[in-house]
1. Helix 159-170: angle to the longest alpha-carbon principal axis of the chain, degrees 0 to 90, nearest 10?
2. Rounded to the nearest 500, what is the chain's calculated 222 nm mean residue ellipticity when only DSSP H runs of at least 4 contribute -39500 (n - 2.57) each, over all residues?
3. Just check the stretch 4-119 against the gyration tensor rule for me: Cα atoms, a ≥ b ≥ c as the square roots of the eigenvalues, rounded for a/c under 1.5, and otherwise prolate or oblate depending on whether a/b exceeds b/c.
4. Give me 26, 194, 163 sorted ascending by neighbouring Cβ count inside 10 Å, so fewest comes first.
5. Measure nothing but the geometry: give the 0 to 90° angle between the long axis through the Cα atoms of 196-207 and the longest principal axis through the Cα atoms of the chain, rounded to 10°.
6. Would you please give the FRET efficiency between residue 2 and residue 43, computed as 1/(1 + (r/R0)^6) with r the Cβ-Cβ distance and R0 = 25 Å, to the nearest 0.05?
7. Once R0 is set to 41 Å, what does the formula 1/(1 + (r/R0)^6) return for the Cβ-Cβ distance between residue 206 and residue 26, expressed as a FRET efficiency to the nearest 0.05?
8. Compute the acute angle (0 to 90°) between the alpha-carbon long axis of helix 106-119 and the principal axis of greatest extent of the alpha-carbon atoms of the chain; round to the nearest 10°.
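Just so you know, all these numbers are worked out from the coordinates, no wet-lab data involved. Keep in mind it's a predicted model, so treat the numbers as computed, not measured. Please note: Cβ atoms are built from the backbone with ideal geometry, for glycine as well, and neighbour counts cover all protein chains shown.
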């Protein structure tokens, strides 16, 4: 099935070039030239991937990215003419999956798009004990409903964020190596370079109250969910 890509950028020459290039590689492409109304359109059509300019008239790309993440689980590639690493880090922290500077190299953009789409194929939660509820106070997970609560309050997560938290909960108290987590969530081997897991982990930690304390990085080893399972 043809992947549908939305580009949000006010640069007419650039978007025309990207559209023609991607259409030659069998993608369906839609262009939005202003930040106003972009979030609503993207939430409604749920494209396979979003290319988002940082500097937009009306509403900034950073704001659109932050607003979209609770409702849009597809990959987001940020574009910017700014060279400041602070802007790159800020974009990734708002939920972007990758970051490319302008002037843009179409072949590099294509490679990034293909890699992101492979990693963001619709996934199923890790299969082991997939029907078993997990009670790790203050966290509770109901796999059949894919619902998560924290102190009884719903915790809104994207599909990938849920998959990651569910896998961590299945192995609560265990240190999980990056390679193992990456393969479980993205169904492919970690190449030693890709940062999708880091971005996903950062988003999950921001949504879990006191996430840095409960979802810990064990230097040189991996990640640990510092909660204990309780049977009901």
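1. 20
2. -11000 deg cm²/dmol
3. Rounded is the answer for the stretch 4-119, as its axis ratio a/c remains below 1.5.
4. Values: 26 8, 194 17, 163 21.
Lowest to highest Cβ neighbour count: 26, 194, 163.
5. Between the helix axis and the principal axis of the chain, the angle is about 60 degrees.
6. On the way: r = 21 Å, r/R0 = 0.83.
Rounded to the nearest 0.05, the efficiency is 0.75.
7. So, using R0 = 41 Å, E works out to roughly 0.70.
8. Result, in degrees: 30.
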